[in-house]
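Right, one structure below, let's go through it.
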Amino acid sequence: MAAEKKAFDDWMKHFVCDDPYWKVPARYMDPSRLERFFNKLDKFEENYPKWVDDLYSSLPTYYCMLCVSKTATAEELKRAYERKKKHSFYPPELIERAYDALNTPNKRATYDKVLNLFLKITQGSTPVEKREMIEHHDENIELEKEHASWEYVKENRRGWFILFYLGAPTFYEVLGVASDALIEDLEPKAGTEIDNKSYSGLKEKIRDILKNPQLRFEYDLMLDFMDVMLDDDVLDEIEEKGAEWRCKDEFYLLLLERSDSLWRYGQIRDNHGEWVDYTGEKTFYDLLNLDPAAIPGDKREAESFIRSAFKELERTPEVNLAYSVLKNSRLRADYDWLLKNEQWTSKLHELDIDNFDNSQVRAIREGFLCV
């Protein structure tokens, strides 16, 4: 339980944070006394109109958008920018603008001046205007929090999505309980559990998920978002598939246990379909006359080792492909995973719920457990 909560919190701290540099002063000052600040801000607005527009729109500061402090290094800022480009509620052009404003010391100092002038000017706002600004500002941070939570579930609970899109019963439906059931209601009632080993195993696995507060929060979040995000027609199609799941407990359990493998297999096949031809008798290692166990663990040493083997060979298209994959540590890791899992994952990938065979699925599941 603690591990799942820590993993979620570690993710969230990179995407959602407080905004200590955006504080609307409670003190009221007559706008006529703030004229010099307005004039200064007007001059900055000539060169940085979007910065000023973003502040007047009550958006969080650029520091908050990127989840960095004023003392963030260039490397920290770059990492934050790359994360937010991939996962953020804010539009890409806004993330780009935030990064551009903070990316150099001179621009960052200028942005700080613009921000300070804006906050001084807000002293001339009425209490109602200030309250509306604060509410809008906090609403944006809350939307980013919801988005980051959703992105975490998409990244880390892909198996749940596969089951959902296939029309599988929800975890609550499998257990025969309401979605707001208490923990004690998840436990089996005496004499009600079906005498079926796989079905009992499926229920137990689901109970373990729903009894974990963090995992249950993530699962419920997925269900809520899917209901909101998908069109009614799509939801109806998914619901129609539900009838096909009768007595498909072996299939359900297999997908629940190994759907992340199925997802990764699909990603590799989509991006590197040509690799599959080199997962049988002839591998990329064979093409380069390499023993996988002999490759050094150090990244640079591994690259040098593989390059040396490549230099001794005739440069055929096959050899060039093998070298391009194995010299890259990330691609090599994906290829090694494919070598290890292709036999069983490909069979799972080809399974059709309409032509389901319990014994076939059981054999695949046993194969997976042996890998």
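The values are calculated or read from the model by the stated rules, or taken from the named source; none is laboratory data. Quantities reported herein were computed from a predicted structural model and do not represent experimental measurements. Glycine also receives a Cβ, built like all others from the backbone with ideal geometry; neighbour counts cover every protein chain displayed.
So the values come out like this:
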quantity: Checking I206 against (1) surrounded by 14 or more Cβ atoms within 10 Å (Cβ to Cβ); (2) farther than 19 Å from K5 by Cα, the condition it does not meet; calculated: (2)
quantity: Test result for R207, free of Cβ contacts under 8 Å to residues at least 40 places away in the same chain, among the basic types (K, R), farther than 17 Å from E155 by Cα and assigned to a helix (DSSP H, G or I); calculated: yes
quantity: Filter result (among the acidic types (D, E), assigned to a loop (DSSP other than H, G, I, E, B) and closer than 18 Å to E218 by Cβ) within the stretch 152-188; calculated: D180
quantity: Single unsatisfied condition, L221 versus (1) part of a loop (DSSP other than H, G, I, E, B); (2) surrounded by 14 or more Cβ atoms within 10 Å (Cβ to Cβ); calculated: (1)
quantity: Test: R269 is surrounded by fewer than 19 Cβ atoms within 10 Å (Cβ to Cβ), under 25 Å from K340 (Cα atoms), of a type in the set (K, R) and in the same structural domain as L331 (by TED's automatic domain parsing); calculated: yes
quantity: Some residue of the stretch 161-173 being assigned by TED's automatic domain parsing to the domain that holds A7, in contact with a Ser or Thr (Cβ under 9 Å, 6 or more places away or on another chain) and surrounded by fewer than 19 Cβ atoms within 10 Å (Cβ to Cβ); calculated: no
quantity: Elements of type helices (runs of 4 or more DSSP H) contained in the stretch 232-339, each with 3 or more residues being touching a helix residue (DSSP H, G or I) at 6+ places or on another chain (Cβ under 9 Å) and over 21 Å from L166 (Cα atoms); calculated: 284-287, 299-311, 317-326
